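*Asks:* Got a structure for you, written out below as structure tokens; questions coming shortly.
The values are calculated or read from the model by the stated rules, or taken from the named source; none is laboratory data. What you see is a predicted model, and the numbers here were worked out from it, not measured in a lab. We place every Cβ from the backbone using ideal geometry, glycine too, and count neighbours over all the protein chains shown. When the accessible area is computed, the model is the full protein with side chains, heavy atoms only, and any ligands, DNA or RNA have been set aside. Shrake-Rupley method; radii C 1.70, N 1.55, O 1.52, S 1.80 Å.
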Amino acid sequence: MDNFEKNLEKYAELVVKVGVNVQPGQVLIVNAPIETVELTRRIVAKAYDAGAKYVQVDWEDEKITRIRYEKAPEDSFHYYPQWQADAMQQLAEGGGAILRIKVPDPELFRGIDSVKVSTAVKAAAVANEKYQVYVRNNKISWSLIKAPTRAWANKVFPDLPEEERIQAMWDAVFLMNRVGSEDPVAAWRDHIAGLKLRQNHMNAKRYKSFHYRAPGTDLRVDMPEGYLWLGGGDENEAGVYFVANMPTEEIYTMPHRTGVNGTVTSTLPLNLNGRLVEGMKLTFQDGKVVAYEAESGREHLTTLLETDEGASYLGEMALVPHDSPISKLNRVFYNTGIDENASCHFALGSAYPVNIEGGTKMSKEELLARGANVSLTHVDFMIGSAELDIDGVLADGTIEPVFRGGRWV
């Protein structure tokens, strides 16, 4: 077995044991692009080795997805198969797990009417609303991972000869997931322990608000009572620990829904369901986006903000040092699951109820009353840089530096 094959085997074992942490007797669904068949087969084998009762693979092909937007009738974009939503809901209610290889082509919908895409995305979100509540409340184990596809590698490594791009992407994926270490599972346990230390430190501080400053950014963020920082992974309803995003370098929490004021400017492109938005600038007043602009893709940003009322408010704030291992790769990956771990970020849309004391037991109305945002959508955008300073404000008004020059103080 050559080195690449060994790393592929180690990666498959890592995402099964650490990512979804498959348990004996559990059903696992794997969503995978058809180009990732070699990795997916290994994941299925490792899941059965871990005791999975049944593994279902749902294959995705972006060319077929594109054909729908080119050929399907206009009224079809409001449709989403209810049986598919019911299956995911049934999986969650039965204690199943889901592993998704999420690598959308950043150019997939170039030339496609943005309204078609946003209509289809919203139809899926409405149909899957109950399942998404289970996911955001960590009822089940779920994990989003990465693997190279040709379209993605071409976008990220245009400076390399075409025949070298897929391997370069594999090298990056292995590196950011610590696959090259002798025991990646142990390396991840150490990494998660480090994130937990940072999380515990921030939770002990109990800052009541934060002030972000950088070129194009001057934003004040108030925090809700009982907010919680989390990082690394979390336990599902059955007490099984899983890691929802691989790689991960962040600790994250929720801002107060109506406590965000000022302007923030994005520092990396946003891949919004296969549509790029670059140079985004948002102005908030009492939590809501009241003005926005973008150097390109403004129309895609418009459709996002129009998803529902909550799409114009923040649901997540996350801290990632500018010297994180992914940031050091000094490359834009056009994939939120990676780029968000190279950069501090916010998310428009729904908050995670796990980020507030007792949140997983609260209704939508109770969450809103506590200052948590509720929405059908959740979209992260990156705002970190080597010029970002963040101050934390304590209950007595004392101001303390949290980040200077994009790094932890």
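*Asks:* Which percent of the accessible heavy-atom area of segment 188-408 goes to carbon and sulfur, probe 1.4 angstrom? Show your work: numbers first, answer last.
*Replies:* Numbers: 3900 of 8410 Å².
The C+S portion of the solvent-accessible surface of segment 188-408 is 46 percent.
*Asks:* Separate question: Using 7 Å Cα-to-Cβ label points, what is the ASP323/LYS281 separation (nm, one decimal)?
*Replies:* Each label point is offset 7 Å from its Cα along the Cβ direction, giving 3.1 nm.
*Asks:* ASP234 versus THR398, label points 7 Å from Cα toward the beta carbon: distance in nm?
*Replies:* Distance between label points: 3.0 nm.
*Asks:* Also, quick follow-up: Using the Karplus curve 6.51 cos²θ - 1.76 cosθ + 1.60 with θ = phi - 60°, what ³J(HN,Hα) values do you get for each residue of segment 344-359, in whole Hz, with x for Gly and Pro?
*Replies:* Per residue, the Karplus-derived 3J(HN,Hα) values read 4, 8, 10, 10, 7, x, 5, 7, 8, x, 5, 8, 9, 3, x, x Hz.
*Asks:* If you don't mind, there's one more thing I want to ask. Among ASN138, ASN203, ASN271, which one moves the most in a GNM of the chain with springs linking Cα atoms closer than 10 Å?
*Replies:* ASN203
*Asks:* What are the ³J(HN,Hα) couplings of segment 286-295, residue after residue, when phi is run through the Karplus curve with 6.51, -1.76, 1.60 and θ = phi - 60°? Round to Hz, x for glycine and proline.
*Replies:* 6, x, 9, 5, 10, 7, 7, 8, 7, 5
*Asks:* Please give the contour-minus-distance gain from GLU309 to ASP58: 0.36 nm per residue of separation, less the Cα-Cα distance, rounded to one decimal in nm.
*Replies:* Extra length from GLU309 to ASP58 when fully extended: 87.2 nm.
*Asks:* Moving on. Nearest-5 percent of antiparallel DSSP beta bridges in the chain?
*Replies:* Within the chain, antiparallel bridges account for around 75 percent of the total.
*Asks:* Next question. Tell me, what is a quarter of the convex hull surface for the C-alpha atoms of the chain, in nm² with one decimal? All intermediate terms of the calculation are to be shown ahead of the outcome.
*Replies:* On the way: hull surface 76.3 nm².
So the mean shadow area of the Cα hull is 19.1 nm².
*Asks:* While we're here: Report, to the nearest whole %, how much of the accessible area of segment 3-180 belongs to carbon and sulfur atoms, 1.4 Å probe, protein only. Could the numbers behind the result be given before it?
*Replies:* Details: 4440 of 8390 Å².
Its accessible area is 53 percent carbon and sulfur atoms.
*Asks:* Something else: Rounding to the nearest 20 debye, state how big the charge dipole of segment 167-297 is about its Cα centre with +1 on each Lys and Arg Cβ and -1 on each Asp and Glu Cβ.
*Replies:* The calculation lands at about 480 debye.
*Asks:* With +1 on the Cβ of every Lys and Arg and -1 on the Cβ of every Asp and Glu, and nothing else charged, how large is the dipole of segment 3-180 about its Cα centre, in debye rounded to the nearest 20?
*Replies:* Magnitude of the dipole: close to 540 debye.
*Asks:* Now, a different point. Which shape class applies to segment 219-272: rounded if a/c is under 1.5, otherwise prolate when a/b exceeds b/c and oblate if not, where a ≥ b ≥ c are the square roots of the Cα gyration tensor eigenvalues?
*Replies:* Oblate, since a/c reaches 1.5 and b/c is not below a/b.
*Asks:* On alpha-carbon atoms, Rg over Rh for segment 119-189 using Kirkwood Rh?
*Replies:* My calculation puts Rg/Rh at 1.14.
*Asks:* Could you provide, to the nearest whole Å², the per residue accessible area of segment 188-408 with probe 1.4 Å?
*Replies:* On a per-residue basis, segment 188-408 sits at 38 Å².
*Asks:* Would you work out which of ALA214, TRP170, GLY371 lies farthest towards the positive end of the dipole of the chain, given +1 charges on the beta-carbon of Lys and Arg and -1 on that of Asp and Glu, about the Cα centre?
*Replies:* Highest projection toward the positive end goes to GLY371.
*Asks:* By average Cβ neighbour count within 10 Å, what is the ranking of 251-260, 63-72 from highest down?
*Replies:* Ranked by mean Cβ neighbours within 10 Å, highest first: 251-260, 63-72.
*Asks:* Summing +1 for each Lys or Arg and -1 for each Asp or Glu, what net charge is found among the other residues whose Cβ lies under 12 Å from the Cβ of THR265?
*Replies:* -3
*Asks:* In terms of modelled amide H atoms, which long-range or inter-chain residues lie less than 5 Å from the amide H of HIS378?
*Replies:* Those lying under 5 Å, H to H, from HIS378 are SER350.
*Asks:* Rounded, prolate or oblate: pick one for segment 270-313, where a ≥ b ≥ c are the square roots of the eigenvalues of its C-alpha gyration tensor, a/c under 1.5 means rounded, and failing that, prolate if a/b is larger than b/c, else oblate.
*Replies:* Verdict is oblate for segment 270-313.
*Asks:* Pop a pseudo-label 7 angstrom from the Cα along the beta-carbon direction at both PHE4 and SER296 and give the gap in nm to one decimal.
*Replies:* It is 3.1 nm.
*Asks:* Oh, and also: Need the C-alpha centroid separation for segment 259-330 versus segment 172-195, integer Å.
*Replies:* 29
*Asks:* So what's Rg/Rh here for segment 112-255, counting alpha carbon atoms and using the Kirkwood radius for Rh?
*Replies:* 1.03
*Asks:* Now, a different point. So how strong a dipole does the chain carry about its Cα centre when Lys and Arg Cβ are +1 and Asp and Glu Cβ are -1, to the nearest 20 debye?
*Replies:* 480
*Asks:* Which listed residue (LEU230, VAL57, GLY406) has the Cα farthest towards the positive end of the charge dipole for the chain, taking +1 on Lys and Arg C-beta and -1 on Asp and Glu C-beta about the Cα centre?
*Replies:* Of the candidates, LEU230 comes out farthest on the positive side.
*Asks:* How would you classify segment 293-409 from its alpha-carbon gyration tensor, with a ≥ b ≥ c the square roots of the eigenvalues: rounded for a/c under 1.5, else prolate if a/b is greater than b/c, otherwise oblate?
*Replies:* Because a/c hits 1.5 or more and a/b fails to exceed b/c, segment 293-409 counts as oblate.
*Asks:* Separate question: Along each principal axis of its Cα atoms, how long is segment 76-138 end to end? Whole angstroms, biggest number first, please.
*Replies:* So the extents along the principal axes, rounded to whole Å, are 41, 24, 18.
*Asks:* Once phi is turned into ³J(HN,Hα) by the Karplus curve 6.51 cos²θ - 1.76 cosθ + 1.60 with θ = phi - 60°, what whole-Hz value does each residue of segment 56-62 show in order, with x for glycine and proline?
*Replies:* Going residue by residue, I get 9, 9, 9, 7, 10, 10, 5 Hz, with x marking Gly and Pro.
*Asks:* Another question, then. Given segment 188-408, what count of lysine pairs have C-alpha atoms under 26 Å apart, with each pair 8 or more places apart or on different chains?
*Replies:* The result is 12.
*Asks:* Take the cross-link list LYS53/LYS122; LYS63/LYS122; LYS17/LYS139; LYS63/LYS146 and give me the ones stretching past 24 Å between alpha-carbons.
*Replies:* Among LYS53/LYS122; LYS63/LYS122; LYS17/LYS139; LYS63/LYS146, the Cα-Cα distance tops 24 Å for LYS53/LYS122.
*Asks:* Using modelled amide H (1.01 Å from N, peptide plane; none on Pro or chain starts), what sits under 5 Å from the amide H of VAL402, excluding residues fewer than 5 places away?
*Replies:* Amide H neighbours of VAL402: ILE390, ASP391, GLY392.
*Asks:* Here's another thing I want to ask about it. Calculate for the chain the 222 nm mean residue ellipticity that helices alone would give, adding -39,500 (n - 2.57) per DSSP H run of length 4 or more and normalising by residue count, nearest 500 deg cm²/dmol.
*Replies:* On the way: 13 runs with 135 residues, N = 409.
That comes out to -10000 deg cm²/dmol.
*Asks:* Over the residues of segment 3-180, compute the C-alpha Rg and express it relative to 2.2 N^0.38 Å.
*Replies:* In units of the globular-protein estimate, segment 3-180 measures up at 1.11.
*Asks:* Between GLY397, GLY194, GLY216, find the one with the highest GNM mean-square fluctuation for the chain; connect C-alpha pairs within less than 10 Å.
*Replies:* Result: GLY397 has the largest fluctuation of those listed.
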